[in-house]
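*Asks:* Okay, here's the structure, questions in a sec.
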Amino acid sequence: MGLADVRTPALLLDRAVVARNAAAMTARMARLGVRLRPHLKTAKCAQVAALATAGNFGGIAVSTLAEAAYFVEHGFNDITYAVAIVPAKLDEVLALQDRGARIAIATDDPATAAALAERAPAFATTLNVLIEIDCGQHRAGLAPEAETLPAIARILDAAPNLALEGVMTHAGHAYHCGDVTAIERVAEDERAAAVRAAERLRAAGHACPTVSAGSTPTAVFARSAEGLTEMRPGVYTLFDLQQMALGCCRLEDIAVSVLATVVGRYPERGRLLIDAGSLALSADTGANEFLAGAGYGWVMDGTAARRLDGATVVDVNQEHGFVEGAALPFDDLPVGARVRVLPNHACITAAMHDRYHVVEGGEAVDVWERAKGW
Ligand code: PLP
């Protein structure tokens, strides 16, 4: 199917750019001396996972059990489910382990650890557990000095069929850093928190083989990964305007865009309407924190090579995007013309779509499906 035949709105993915992003992060992690466990919450796609794990040890991270099941189905068998486990989800995890995969789970809750320990004697396989550490985002995790840290470790290590795999942390607050120096500082806080927690566990007699950290900004800018064993960035596979605003990538590293069609043309209002609204682009405006005028995405010409004179999606309804710009080239944009919108936040924009239309040399050459749901 040629690009002209792709029905809009549609999610386009530039395969060569993904491959380049993947190779660059692989090389960066090798330079830092840690394993790369790409987080597939962004791409949710086996073909992207294959590119991201090429030259790495093959492990991945996921954010939903639906992703975990999808990736097991596609042959990935070393998976960290990097959202806190609840006992009600345990049977699904065990069923995936029964299929030969190794699914590491995470907790920061002593009662959950006790519930796991109670059920563990009946497990057919060993379940690996990471203790989640808070390195400053204050979303989830224990402070590295928390008293409950060794207490959870004791519960896990005492139980049959449970293995305390180590610690994991994520510096989500790096997304609010105004410059590279601030990201470097957060990266160091992230590293230090994970390493300190691991040291405490080791001092208490726990092996703690895995010390896992990472976000895309901290993976891109960390000066040291000493004491870490792996990093788990995810957005870097696709990149987006937010990452560009943070300095993590260049415009030409953004691998995804939403192909849209002009459905209304209002020169008197200085506005175009496109058939990509909040359900095709998402309503995420995170990029605006450091990129004034990012709106709901930058509007590029149909090949995505060139931004249309400052054109931005300034507002969205469910299926309408409102495009404005300093000097929109209305003569080149009749109803039916096509544009591409670069996403603010690739994870959320991509989650609006079931599949990628893979683009190479300006043509649509393949369709890659995405994992959906929870
Ligand atoms: N690890 C965890 C626990 C996460 O929640 C995320 C993203 O939300 C990542 C890793 C990947 O980081 P990023 O999205 O910055 O690439």
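Any read-out appearing in this document is the output of simple, stated calculations on the displayed coordinates, not a laboratory observation. Everything numeric in this text was worked out from a predicted model, so none of it was measured. So basically every Cβ, Gly included, is an ideal-geometry build from the backbone, and we count neighbours across all protein chains shown.
*Asks:* So, by mean Cβ neighbours within 10 angstrom, what's the order for 229-239, 48-58 with the highest one leading?
*Replies:* 229-239, 48-58
*Asks:* How big is the gap, in Å, between the Cα center of the range 16-36 and the Cα center of the range 170-208?
*Replies:* Using only Cα atoms, the two centres lie 20 Å from each other.
*Asks:* Putting +1 on Lys and Arg Cβ atoms and -1 on Asp and Glu Cβ atoms, find which of Pro87, Gly100, Gly141 reaches farthest to the positive end of the dipole of the chain.
*Replies:* Gly100
*Asks:* Given the options Leu127, Asn21, Thr42, identify the residue whose Cα lies farthest towards the positive end of the charge dipole of the range 1-131 (+1 on Cβ of Lys, Arg; -1 on Cβ of Asp, Glu).
*Replies:* Positive-most Cα among the choices belongs to Asn21.
*Asks:* About its Cα centre, what dipole magnitude does the range 242-374 give when the only charges are +1 on Lys and Arg Cβ and -1 on Asp and Glu Cβ, stated in debye to the nearest 20?
*Replies:* 120
*Asks:* Okay, moving on. Can you check what the net charge comes to around Leu96, using other residues whose Cβ is under 15 Å from the Cβ of Leu96 (Lys, Arg +1; Asp, Glu -1)?
*Replies:* Charge balance in the 15 Å sphere: -3.
*Asks:* Moving to a separate point now. Mean residue ellipticity at 222 nm from the helices of the chain, using -39,500 (n - 2.57) per DSSP H segment of n ≥ 4 over the full residue count, to the nearest 500 deg cm²/dmol?
*Replies:* For the chain, the value works out to -8500 deg cm²/dmol.
*Asks:* Also, quick follow-up: What is the magnitude of the charge dipole of the range 1-130 about its Cα centre, with +1 placed on the Cβ of each Lys and Arg, -1 on the Cβ of each Asp and Glu, and no other charges, expressed in debye to the nearest 20?
*Replies:* Here the range 1-130 has a charge dipole of around 580 debye.
*Asks:* For a footprinting-style exposure proxy, rank Phe76, Phe123 by other Cβ within 10 Å, fewest first.
*Replies:* The most exposed by this proxy come first: Phe123, Phe76.
*Asks:* Oh, and also: So what are the ³J(HN,Hα) numbers for the range 289-294, from phi and the Karplus equation (6.51, -1.76, 1.60; θ = phi - 60°), rounded to whole Hz, Gly and Pro as x?
*Replies:* 4, 10, 10, 4, x, 5
*Asks:* If you don't mind, there's one more thing I want to ask. Viscosity 1.306 mPa s, temperature 10 °C: give me the Stokes-Einstein translational D for the chain in µm²/s, with Rh taken as the Kirkwood radius over C-alpha pairs.
*Replies:* 74
*Asks:* Could I ask something else about it? Taking the Cα centre as origin and putting +1 on Lys and Arg beta-carbons and -1 on Asp and Glu beta-carbons, what dipole magnitude results for the chain, to the nearest 20 debye?
*Replies:* 500
*Asks:* Using modelled amide H (1.01 Å from N, peptide plane; none on Pro or chain starts), what sits under 5 Å from the amide H of Leu308, excluding residues fewer than 5 places away?
*Replies:* Correct list: Val299, Met300, Asp301.
*Asks:* Please identify the longest segment of the chain free of exposed trypsin sites (Lys or Arg not before Pro), where exposed means a DSSP state other than H, G, I, E or B and no more than 13 other Cβ atoms within 10 Å.
*Replies:* 8-98
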